[in-house]
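Enquirer: I have a structure I would like to understand better, so I am pasting it below and will then ask my questions one at a time.
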Amino acid sequence: MLEYIALVKPYKDSTQNNQEIVNELFTLIASYFMLIFSDWISDTDTFPVKGNPNVKSTMGIAMLVSLVIYILINMSIMGKALLQVAKAKRRTRQLIKM
């Protein structure tokens with residue numbers, strides 16, 4: 001799906017195409033994280049660095065951080081679009097008053 005969106009660009013607006021690519025990338029990354037939470041990785045596996053918690057705990061934190069980044073990216077894109085609409089409406093109202 002990611003390749004289709006990147007090549008075909010189904011949306012007229014480039015911002016929507018870019019946002020959809022980011023959404024697909026996050027879905028792919030989250031899918032890779034899900035492999036770590038399966039029974040394929042045991043609970044006792046640890047990183048070679050002394051003092052680190054087990055792999056599943058560390059990857060859980062990494063997944064939460066990536067989720068927060070993903071949400072912030074989407075909120076900033078939507079906020080930017082909202083501000084553009086608000087500015088356009090304000091200009092329209094000012095022109096009507098004149």
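The values are calculated or read from the model by the stated rules, or taken from the named source; none is laboratory data. Model, not experiment: these values are computed from the prediction. Positions of Cβ are generated from backbone atoms using ideal geometry, with glycine treated the same way; all protein chains shown enter the neighbour counts.
Enquirer: Could you please find all residues in the range 29-81 being surrounded by 11 or more Cβ atoms within 10 Å (Cβ to Cβ), out of contact with any helix residue (DSSP H, G or I) (no Cβ under 8 Å at 6 or more places or on another chain) and modelled with pLDDT under 85?
Expert: 53, 54, 57, 58
Enquirer: Please name all residue pairs, on different chains or six or more residues apart, with Cβ atoms under 6 Å, provided the first residue is in the range 53-64 and is without any contact (Cβ under 8 Å) to a residue 24 or more places away in the chain and more than 15 Å from residue 34 (Cβ to Cβ) and the second residue is of a type in the set (Ser, Thr, Tyr) and not in a helix (DSSP H, G or I).
Expert: As it stands, the answer is 54/46, since those pairs meet every condition given.
Enquirer: Only one residue in 34, 1 is farther than 25 Å from residue 76 by Cα and of a type outside the set (D, E, K, R). Which one? First the steps, then the outcome.
Expert: Numbers: 1 fails: farther than 25 Å from residue 76 by Cα.
Of the residues listed, the single one that is farther than 25 Å from residue 76 by Cα and of a type outside the set (D, E, K, R) is 34.
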